[in-house]
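The block underneath contains the structure these notes are about, expressed in structure tokens.
The values are calculated or read from the model by the stated rules, or taken from the named source; none is laboratory data. In this text, all values refer to a predicted model and were calculated from it rather than measured experimentally. When we count neighbours, we look across all protein chains shown, and the Cβ atoms used for this are built from the backbone with ideal geometry, even at glycine. Ligands, DNA and RNA are stripped out before the accessible areas are found, and what is left, the full protein with its side chains, is counted by its heavy atoms. Shrake-Rupley method; radii C 1.70, N 1.55, O 1.52, S 1.80 Å.
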Amino acid sequence: VQLVESGGGLVQAGGSLRLSCAASGGIFSINAMGWYRQAPGKQRELAATITSVGVTNYADSVKGRFTISRDSAKNTVYLQMNSLKPEDTAVYYCAVDQARRYWGGGTQVTVSS
């Protein structure tokens, strides 16, 4: 399974970004897809996940600002990030659960104050 992420970048505080992650190769039954993030000097943490039936889960720090969605036909997951804060700065990793967890290579999100 290969995961290709896109949509990261530099944005001012209060701005928005939309991340995309497309899964390909060996896809037969994805259970869940999600986004995790890792800030410098910190452990990787959950941002948001979505199951195959659309149940979502968000970290408290992003609730009300981030929205996760998926297009099952395209094996793609999205993360709409609004009202971004400097503390959202991190490398964002896509993850797909199908028998095991697969990780993308990460995309940098930098929020300037």
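Structure data summary
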quantity	calculated
Pair list, Cβ < 9 Å and 6+ apart or interchain, from the stretch 52-63 residues that are modelled with pLDDT of 95 or more to residues that are open to solvent by 60 Å² or more (accessible area, probe 1.4 Å) and acidic (Asp, Glu)	ALA59/GLU45; SER61/GLU45; SER61/GLU87
Positions within the stretch 50-70 being within 17 Å of GLN98 (Cβ to Cβ), in a strand (DSSP E or B), among the β-branched types (Val, Ile, Thr) and open to solvent by 30 Å² or more (accessible area, probe 1.4 Å), in sequence order	THR51
Long-range neighbours under 8 Å by Cβ, at least six apart or interchain, first residue among the charged types (D, E, K, R) within the stretch 11-27, second open to solvent by 50 Å² or more (accessible area, probe 1.4 Å)	ARG18/GLN80
Number of the exception - GLY41 against (1) open to solvent by 80 Å² or more (accessible area, probe 1.4 Å); (2) under 17 Å from SER83 (Cβ atoms)	(2)
Extreme residue, least open to solvent (accessible area, probe 1.4 Å), among residues of the stretch 71-113 that are in a loop (DSSP other than H, G, I, E, B) and farther than 20 Å from SER29 by Cα	LEU84
Selection status of TYR36, open to solvent by less than 60 Å² (accessible area, probe 1.4 Å), of a type outside the set (A, V, I, L, M, F, W, C) and without any contact (Cβ under 8 Å) to a residue 12 or more places away in the chain	no
Residue count for the stretch 28-43, restricted to those that are in a loop (DSSP other than H, G, I, E, B) and more than 14 Å from THR89 (Cβ to Cβ)	5
Check on ARG18, basic (Lys, Arg), over 15 Å from TYR93 (Cβ atoms) and touching a Gly at 6+ places or on another chain (Cβ under 8 Å)	yes
Some residue of the stretch 2-24 being part of a strand (DSSP E or B), of a type in the set (Asp, Glu) and over 20 Å from GLY106 (Cβ atoms)	no
